[in-house]
Structure formats: structure tokens, C-alpha cells
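The values are calculated or read from the model by the stated rules, or taken from the named source; none is laboratory data. Not measured: the values here are computed from a predicted model. FYI the Cβ positions are ideal-geometry reconstructions off the backbone, even for glycines, and counts take in every protein chain you see. Quick note on the areas: whole protein, heavy atoms, side chains included, nothing else; ligands and nucleic acids left out. Shrake-Rupley method; radii C 1.70, N 1.55, O 1.52, S 1.80 Å.
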Amino acid sequence: MSEAAVQPRGNAVAQSSEAGMGDMSRSETGRSDGRNRRAAETRRKIIAAAKAMISETSTAPTVVAVAKRADVSVRSVFQHFGDVESLFVTVVDSVRDDLVVPPPTPSNRPLDARIPLVVENLAQVFDKIVPLRVAAGQFVNHPALTERAKVSTLELREATLEAFGPEFATLSEQAKEELLDAIGAALSLEAWIVLRRRDGLSYERATAVWRLTLEALLAHGFAAPATE
């Protein structure tokens, strides 16, 4: 005989009901997991489509264009991102996450070896994000993008200070800050865009210009009076 047959009817009904609820719970969990996977895939397709379009055109695409490229509905784009600005910020973060950042330049190498390494490392990264930065001009005052630009500026500053640490250590605090500001302005992403997009220089020519610029700035800066 089955276990249900030897139990009071109420217990058998309760056990059957509990078993049914367990089956329903597993079914609901399965459906929920499926919806989550589909939502994640839709989000991935939208981001990938926007990244591809920005890379191709250097402009922020419209929601309608992204939806068409990703083969999803316009409603789906708005469900995931709310507006085109939020989508763009997400794309910026995704591109940053995808970047392969070269290792820091060792400060114990000769100065004339460090200069081209620093320039090459910066140029490699900047050249990959030129289309994104040009497209970002459409959202120039967006708080999230402004904050990310500040972070990037600080990262450049820290990398410069690390690469030329021994030389910077000989400078006064004021001289150090002024030299860091000068390098940050001369070797900024905006300056790279001018060379590559406005002036139409090749990658090799643009990096050569930056090497000369950095050499001149360091020669001038490190000639400052030593710290007392």
C-alpha cells in the first residue's frame, strides 16, 4: 500500500498539496531563471550594438537605431536603460572594463627609455577610445561622464608620477604640481584627438609628437631648483 493510503485522509491531502506546491515552486523558479537569462542576453545585445555603432560613427546612436541593430524592440531598450544617456554611460563603463591597460612603466629604467614607454602606453589606450570620447561630446555636461573624466585624469596623473618618481622627488611641491598639470594637458585624450582627428596624423606621427612634447616638458621641469 502507498504511504498515503495508510495515513488519515487529511494528512494525505496535506502531503499531496505540499508536493504540488513544491512542483509549482520549482516551475516558477525555472521560469524566473529563464526570464533573467533572456533579460541579460537582451541587455548584452543592446550594449554590444551601441558599442559597435559608436566605434563605426563616433556618434551616440539613437535608441531606435540601437534597437534595430540589436534586433530588439525600442521598448526593450527603454526597459533596460531608461534613456539614451543612461545607455551611453553604460557603454562607457563597458568599454573601460574591456580595455587592456599596459603595465606601469618601471621607474628604475633610464629616463630616455621611460619616455617612449609612457607615450606608447597612453597612445594605445587613447586610440581605442577616441570614437567613444568624440561621441561623448553630445553629453558633455552629464554628471556621470564628468565624474568618469575626472577619474581618468587622476589615473593619468598618478601613472606619470609613478613613471618619473625619482625625478619628481627632486622638485618642490609647487614645481611638481605645475609639471604634472602641464603633462596632463599636453598628453590628454583631448590632445590625442586633436592630433589624430583634427590634424589627421598617423598613429606613428602622433606618438612622435608626444615623445618630443614629453621630452621638452620633462627637460624644463626637472631643471627646476631642487627641494630644500
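Some observations on this one:
- Test: residue in the stretch 41-50 that is over 19 Å from the mean Cα position of the chain (by Cα), over 22 Å from L156 (Cβ atoms) and at pLDDT 75 or above: yes
- Cβ-Cβ under 8 Å pairs, at least 6 apart or on other chains, the stretch 92-118 side closer than 13 Å to T160 by Cα, far side exposed (fewer than 15 other Cβ atoms within 10 Å of the Cβ): P104/E162; T105/E162; S107/E162; S107/G165; S107/P166; R114/P106; L117/R109
- The set of residues from the stretch 195-226 being touching a helix residue (DSSP H, G or I) at 6+ places or on another chain (Cβ under 9 Å), in a loop (DSSP other than H, G, I, E, B) and more than 18 Å from A169 (Cβ to Cβ) comprises D199, L201, S202.
- Only listed residue being part of a loop (DSSP other than H, G, I, E, B) and either in contact with a Ser or Thr (Cβ under 7 Å, 6 or more places away or on another chain) or open to solvent by 70 Å² or more (accessible area, probe 1.4 Å) (or both), chosen from V101, V118, V134: V101
- Any hit, the stretch 145-166, residues being touching a residue at least 40 places away in the same chain (Cβ under 8 Å), under 21 Å from K51 (Cα atoms) and surrounded by 14 or more Cβ atoms within 10 Å (Cβ to Cβ): yes
- Top-ranked residue in the stretch 60-85 [being assigned to a loop (DSSP other than H, G, I, E, B) and over 20 Å from D97 (Cα atoms); ranked as farthest from the chain's Cα centre (by Cα)]: S73
- Candidates E85, E56, filtered to the one that is of a type in the set (D, E) and surrounded by 15 or more Cβ atoms within 10 Å (Cβ to Cβ): E85
- All positions within the stretch 178-193 that are without any contact (Cβ under 8 Å) to a residue 24 or more places away in the chain and exposed (fewer than 13 other Cβ atoms within 10 Å of the Cβ): D181, A185
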